[in-house]
1. Compute the acute angle (0 to 90°) between the alpha-carbon long axis of helix 233-242 and the principal axis of greatest extent of the alpha-carbon atoms of the chain; round to the nearest 10°.
2. Report the accessible area of Tyr120, computed with a 1.4 Å probe over the heavy atoms of all protein chains in place, in Å² rounded to the nearest 10.
3. Any idea what angle helix 265-292 forms with the longest principal axis of the chain, computed on alpha-carbon atoms, 0 to 90 degrees, nearest 10?
4. Rounded, prolate or oblate, given the Cα gyration tensor of region 112-264, with a/c below 1.5 counting as rounded?
5. Skip the ligands, DNA and RNA, and give the accessible area per residue of region 130-287 with a 1.4 Å probe, whole Å².
6. Out of the GluC sites (Glu not before Pro) in region 214-293, which ones are loop residues according to DSSP with at most 15 other C-beta atoms within 10 Å?
7. Accessible area of the chain with a 1.4 Å probe: how many percent of it is carbon plus sulfur?
8. When the helices in the chain are scored as -39500 (n - 2.57) per DSSP H run of 4 or longer and the sum is shared across all residues, what 222 nm value do you end up with, to the nearest 500 deg cm²/dmol?
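The values are calculated or read from the model by the stated rules, or taken from the named source; none is laboratory data. What you see is a predicted model; the values in this text were computed from it and never measured. With ideal geometry, Cβ positions are generated from the backbone for all residues, glycine too; neighbour counts draw on all protein chains shown. Side chains included, ligands, DNA and RNA excluded: accessible areas come from the protein's heavy atoms. Shrake-Rupley method; radii C 1.70, N 1.55, O 1.52, S 1.80 Å.
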Amino acid sequence: MPLTGGGRVKTPKRLLPLVEEGLIDEVISQLMSGKEATVYVVRSGDSTRCAKVYKDAKQRSFRQAASYREGRKVKNSREARAIEKGSRYGREVQEQHWQNAEVDALFRLANAGVRVPQPYICTDGVLLMELVTDADGNVAPRLNDVDMSEARAVELHARLLNEVVRMLCAGVIHGDLSEYNILLAEDGPVIIDLPQAVDAAGNLEAPAMLERDVDNLAAYFGRFAPHLLSANYGKEIWALFEGGGLHPEVQLTGQIELDTTPVDLDAVLQELEDTRLEEEARVRHEQSLREGG
Ligand SMILES: Nc1ncnc2c1ncn2[C@@H]1O[C@H](COP(=O)(O)OP(=O)(O)OP(=O)(O)O)[C@@H](O)[C@H]1O
Ligand SMILES: [Mg+2]
């Protein structure tokens, strides 16, 4: 998509505070308006950037499902109580947490070497970040909007699996990864849209979410490279993560060992103990027979 269409757009109300604060000099165009945000191309000094304006909480019920909030710790107890009660203040606090979650995840992932848009600031309900562009300098297309050969699909799939691994090594699961939330930039795929990202530790839904993200990738790239559909990378990655063997250079096979469930040590010990008691009882019984007879 070309960056400019001639005339600039009138500054949207929600971007005025950032213009006043000197964070944005000019609004170039509106990129799109989705369910949860409206995205603009803006100019800040010499740089062209992307401004994501979050919509009200009411309009994004689905991704606020409890599973996403689970494990997202609210450290301030007054805030935690307010959220619990669902008061107006509580909703504002929750809103703040939701918006900060995306910028927090972006900083964390960018620092871990995951290819995400470089974040700059999140203020007044607006996230200011790098505008992802293609080789011609235009706004990068979503993965869903590009056609590709089988070889390219295999290559991109492998790169994105590696990104998922890197994310998990940084303790983050995207939670809504799909061909709609990946842009194809000049330097390769870029993962976007992270307000629902979850902490891998301390979330019971984490393995299921990771598997779903990974399955979404397989389903999409499987359209161009059908053999990707039969692999099982999600379970493999999670098993490595749980076993402490996950690192960014890990070689994935797409296969999982037949039995990856950890040994239940208590059950094994109980079994040994039971056998021992049985044996003792048998010996006692034999002894009593001998003594009696
Ligand atoms: N940093 C960026 N650079 C270029 N384009 C972007 C960037 N961030 C978002 N976009 C564009 O804006 C669209 C919406 O962004 P995003 O997915 O973050 O918001 P959303 O409200 O969750 O959208 P949706 O409801 O469609 O998932 C993206 O599909 C992409 O086309
Ligand atoms: Mg999106």
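1. It is inclined by approximately 70 degrees.
2. Near enough 90 Å² of accessible area.
3. Taking the Cα atoms of the chain, the angle to 265-292 is about 10 degrees.
4. Judged from the Cα gyration tensor, region 112-264 comes out oblate (a/c at least 1.5, b/c at or above a/b).
5. 54 Å²
6. Those that pass, being in a loop and sparsely packed, are Glu249, Glu257.
7. Working: 8330 of 16330 Å².
After summing per-atom areas, the C and S share lands at 51 percent.
8. Value at 222 nm, helices only: -13000 deg cm²/dmol.
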